[in-house]
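Here is the structure we will look at, set down as structure tokens.
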């Protein structure tokens, strides 16, 4: 697969993930939240705080998708191993860890205020672990891309 095809494939995946994230954040989660409130009015005061919190957590996800789009453009331009991509992956790593930390902090705060069901606690911890894994993977990829970029620059100077 050449760079053009790979870039197009990655951009299609990015668009698909963006659409899925939007559907989940703005249709599925609000609908399930309303259903939960209808089933048990005790949770009615939890709906808006949780919904706003989840929407705030979605912002870094959209930023990551935008940054990844830029990486796809670099791949299309046959510039896969560049300092620009290494820095972009480092930013993705930092955003993932910040989002994971914010989710963990939110879980703790909602637990303290007794605004969380145990199933949400378990799901939240799993998402925190996934966010940490994404952060580690992006950091490792960024490091490898940086090393490859240096090797490429050295090879370009060699006759």
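The values are calculated or read from the model by the stated rules, or taken from the named source; none is laboratory data. Treat the numbers as computed from the prediction; the structure is a model and nothing was measured. Neighbour counts run over all protein chains shown; Cβ positions are idealised from the backbone, glycine included.
Taken together, the residues in region 138-159 that are out of contact with any helix residue (DSSP H, G or I) (no Cβ under 8 Å at 6 or more places or on another chain) and either surrounded by 13 or more Cβ atoms within 10 Å (Cβ to Cβ) or in a helix (DSSP H, G or I) (or both) amount to 12. The sole residue among 101, 110 that is modelled with pLDDT under 95 and part of a helix (DSSP H, G or I) is 110. Scanning region 66-98 for residues that are within 13 Å of the chain's Cα centre (by Cα) and modelled with pLDDT under 95 yields a count of 0.
Residues in region 121-137 that are at pLDDT below 95, surrounded by 12 or more Cβ atoms within 10 Å (Cβ to Cβ) and out of contact with any helix residue (DSSP H, G or I) (no Cβ under 8 Å at 6 or more places or on another chain): 123 alone. If you check residue 79 against the conditions, is it under 27 Å from residue 2 (Cβ atoms) and either assigned to a helix (DSSP H, G or I) or touching a helix residue (DSSP H, G or I) at 6+ places or on another chain (Cβ under 7 Å) (or both)? So residue 79 fails the test. In the set 19, 56, 63, only one residue is touching a residue at least 12 places away in the same chain (Cβ under 8 Å), under 15 Å from the mean Cα position of the chain (by Cα) and over 28 Å from residue 148 (Cα atoms); that residue is 56.
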